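Just so it is clear, none of the values below were taken in a lab; they were calculated from the coordinates. Please read these numbers as outputs of a predicted model, since none were measured by experiment. Every residue, glycine as well, gets a Cβ built from its backbone with ideal geometry; the counts of neighbours run over all protein chains shown.
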Amino acid sequence: MWHFARRCSFLNREQMEWLALSGAFDVFSPNRRELLWSLPALCVGQRRERRSGGRVAATGQQAMPIEVPPLLPANLPDFGLQQRMSWQWLAIGFCSDAHPMTLLRPQMEAAGILPCAALQEAQEGQEVMVAGLVLRPHRPPMISGEVFVFFTLEDETGMAQVTVTPDVYEQTGQDIFGQIILAVRGVAERRGVGLILRATGTQRFS
């Protein structure tokens with residue numbers, strides 16, 4: 001870790017913190033909380049080396065890196081899975097450990113909300129409710145001037161394409177463009193070789 005910090009001394013402490021939270025430093029240690037607490041010591045070492053130019057003036061020899069131990073005790077407990085995923089999502093926009101929807105799956109099942117993959121198993125015209133991360137919501141211009149919205153829901157099982165008609169958009173537009181995770185109730189409709197969901201309503205998750 002010290003050698004990385006020396007070679008990438010152009011990175012400031014905040015940038016190093018986001019790299020640690022994203023999992024970029026897991027190769028050095030899987031404990032991201034401990035990595036975070038080690039960064040102040042590394043940054044102090046970086047500043048000292050920059051001030052000295054990386055050399056000992058009296059001898060002209062290369063300075064040996066001296067790491068300052070973290071102020072917290074060793075074996076600091078790592079973040080829980082939910083915290084790791086939340087921080088990684090904020091850092092890079094996705095999670096490598098697991099899909100965020102896996103944490104909500106028990107809650108979804110209890111509410112009768114199906115995984116996205118279940119949409120393709122539904123009958124055409126059947127009403128279903130699926131939930132996931134809201135991806136790429138967009139409102140293409142229509143000649144009629146009406147507002148149709150198209151977006152994708154993603155969970156750990158796959159994706160579901162959603163179409164929102166103008167009447168439904170009036171009631172749900174704030175949810176579609178304001179929520180990261182959303183449950184959508186709708187009717188399964190044939191589109192090409194698969195099924196899409198024509199939305200009739202939405203449900204937020206805090």
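Data overview
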read-out: Nearest-0.05 FRET efficiency for Glu124 and Gln15, computed from C-beta distance (R0 45 Å); value: 0.35
read-out: Residues Ser22, Ser38, Ser86, sorted so that the one with the fewest Cβ neighbours within 10 Å comes first; value: Ser86, Ser22, Ser38
read-out: Overall dimensions of segment 100-204 as given by Cα atoms, namely Rg and Dmax in Å; value: 13.0, 43
read-out: Order of Ser144, Ser29 under a 10 Å beta carbon neighbour criterion, fewest first; value: Ser144, Ser29
read-out: Loop-located GluC sites (Glu not before Pro) in segment 73-136, at most 10 other Cβ atoms within 10 Å (DSSP); value: Glu124
read-out: Computed FRET value (nearest 0.05) for Asp175 with Asp97, which takes r as the C-beta separation and R₀ as 41 Å; value: 0.90
read-out: Burial ordering of Val184, Val193, fewest other beta-carbon atoms within 10 Å first; value: Val193, Val184
read-out: Whole-Å semi-axes of the ellipsoid equivalent to segment 79-120 (Cα gyration tensor, √5λ, descending); value: 23, 12, 7
